[in-house]
Amino acid sequence: MKVCSVVGARPQFVKAFAVSRELRTDHEEILVHTGQHYDEELSDVFFDELGIPEPDYNLGVGSDTHGRQTAAMLEGIEEIIETEGPDVVLLYGDTNSTLAGAIAGAKIDPLVAHVEAGLRSYNRDMPEEINRVLTDHASDLLFPPSESAAATLAEEGITERVHVVGDVMYDSILWAREVAAEESEVLDDLGVSEGEFVLSTVHRANNTDEPDRLESILDGISAAPLPVVLPVHPRTENKLQEHGLWERARSELEVIDPVGYLDFVRLLDAAERVATDSGGVQKEAFYLDTICVTMRDETEWIETVESDWNVLVGADHEAIEKELSTNRYLEEKPSPYGDGSAAEEIVTVIEEALQPTTEARSVEDA
Ligand code: UD1
Ligand code: UDP
């Protein structure tokens, strides 16, 4: 079978890595990079470290308004689908690249398959929430990472061709944790020790674009009792500068450029806790037994909060400070996101979905 995978932003490279590895053992993959992320440290470093093959197409769309960016991707992906004629268009997560792939694929022949289906924040102000809902409803095959995500799809009337496979990011991190522990020198490079620093990432549109929220987050993480390492997303760097907070951030935190996946996994594994607004980092913290403080008002990864390994604090600096300072003693974790074999299951389900039905086969054979 021929699968056209669409990626474009940092977390999608991590997700596609696990599935690509499985897919390419027996099948043909056409990898499309929309170019949504293009800086070396947000894109190339993931391909190099994870050994992901060079994209067959890079649309080079770059940064723009949501409408223009998504439209440019849509036009490019449609043309590739028409040229390549894949059996499946495979999509990940909830970015504009995901939505463009869904719209392009759903109006032509291939099956549209969505990895990380059924996640909802129920916050329609998040661009990602619109992307998730529309992608799920345009997809033919849905791969929720948990039973609760499948139940959400059912509530929205999507019950056919839904396969709970677990989280592909778990597959990726099982590989990365070991390799990072052996190869990464990031702790020495930064002069931080295991269990003696806080890791932080911030990039959500509403946290960075609103100066009050961004300042409050800075107040909160700066008040942590341990040094704070902040690999800064370019969007956040731009906004810190625009809002006059950049020099303060650099003097109160260990601000560094975004790091590659292996260094990030090493940092996350070694951190005493993490303060983040990232979707992926919340789950990765959970997998690595690192307590997570989520600087958002809601999360799609509800199991991490229900099990107390993650706590929602919004942009409230007092709540951030408190959650970074309070001792937490946690019970055993549940395993709601599978066993690290999501990628294998996804490939099997796609293979089965493309098999002609028994009836059709016997007509053909006759
Ligand atoms: C995007 C996704 C978000 C995901 C995040 C992962 C959407 C709507 N948002 O957010 O869901 O969590 O990626 O990191 O799809 N920029 C650079 N260099 C780059 C890329 C971006 O400097 O290589 C800067 C540009 O100023 C750009 C801004 O970051 O305007 C935002 O980039 P964009 O891709 O639009 O959104 P993200 O915030 O990265
Ligand atoms: N990540 C990374 N380097 C960094 C920050 C994050 O490799 O400096 C990885 C992280 O391990 C996770 C992914 O990027 O796999 C998360 O991406 P991000 O937070 O940008 O997006 P989200 O998950 O919120 O969509």
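The values are calculated or read from the model by the stated rules, or taken from the named source; none is laboratory data. A quick note: this is a predicted structure, and the numbers were derived from the prediction, not measured. Reconstructed Cβ throughout: ideal geometry from the backbone, glycine too, with neighbour counts over all protein chains shown. The protein model used for the area step is the full one, side chains on, heavy atoms only, and it has no ligands, DNA or RNA in it. Shrake-Rupley method; radii C 1.70, N 1.55, O 1.52, S 1.80 Å.
The single residue among Val255, Val259 that is under 16 Å from the mean Cα position of the chain (by Cα), in contact (Cβ under 8 Å) with a residue 24 or more places away in the chain and open to solvent by 20 Å² or more (accessible area, probe 1.4 Å) turns out to be Val259. Every condition in (1) part of a helix (DSSP H, G or I); (2) within 15 Å of ligand 1 (Cβ to nearest atom); (3) hydroxyl-bearing (Ser, Thr, Tyr) holds for Tyr38 except the one numbered (1). Answer yes or no: is there a residue in the stretch 45-61 that is open to solvent by 10 Å² or more (accessible area, probe 1.4 Å), near ligand 1 (Cβ under 9 Å from one of its atoms) and under 21 Å from the mean Cα position of the chain (by Cα). No, the conditions are met nowhere in the stretch 45-61. Only residues that are in contact with a strand residue (DSSP E or B) (Cβ under 9 Å, 6 or more places away or on another chain) and within 11 Å of ligand 2 (Cβ to nearest atom) were counted in the stretch 15-35, giving 1.
Somewhere in the stretch 216-228, is a residue of a type in the set (S, T, N, Q), over 16 Å from the mean Cα position of the chain (by Cα), within 16 Å of ligand 1 (Cβ to nearest atom) and not in a loop (DSSP other than H, G, I, E, B)? Within the stretch 216-228, not a single residue is of a type in the set (S, T, N, Q), over 16 Å from the mean Cα position of the chain (by Cα), within 16 Å of ligand 1 (Cβ to nearest atom) and not in a loop (DSSP other than H, G, I, E, B).
Does Leu288 satisfy being of a type outside the set (Asp, Glu), surrounded by fewer than 24 Cβ atoms within 10 Å (Cβ to Cβ) and over 15 Å from Tyr170 (Cβ atoms)? Spelling it out, it is not the case that Leu288 is of a type outside the set (Asp, Glu), surrounded by fewer than 24 Cβ atoms within 10 Å (Cβ to Cβ) and over 15 Å from Tyr170 (Cβ atoms). Within the stretch 1-13, the set of residues being within 16 Å of ligand 2 (Cβ to nearest atom) and open to solvent by less than 30 Å² (accessible area, probe 1.4 Å) comprises Val6, Val7, Gly8, Ala9, Gln12, Phe13.
The set of residues from the stretch 14-30 being open to solvent by 10 Å² or more (accessible area, probe 1.4 Å), closer than 17 Å to Tyr57 by Cα and under 16 Å from the mean Cα position of the chain (by Cα) comprises just one member, Phe17. Picking from residues in the stretch 89-111 that are of a type in the set (Val, Ile, Thr) and crowded, with 24+ Cβ neighbours inside 10 Å, the one that is farthest from ligand 2 (Cβ to nearest atom) is Val89.
May I ask you to list the residues in the stretch 266-285 that are under 14 Å from the mean Cα position of the chain (by Cα) and either in contact (Cβ under 8 Å) with a residue 60 or more places away in the chain or open to solvent by 10 Å² or more (accessible area, probe 1.4 Å) (or both)? Passing the criteria: Thr276, Asp277, Ser278, Gly279, Gly280, Val281, Lys283, Glu284.
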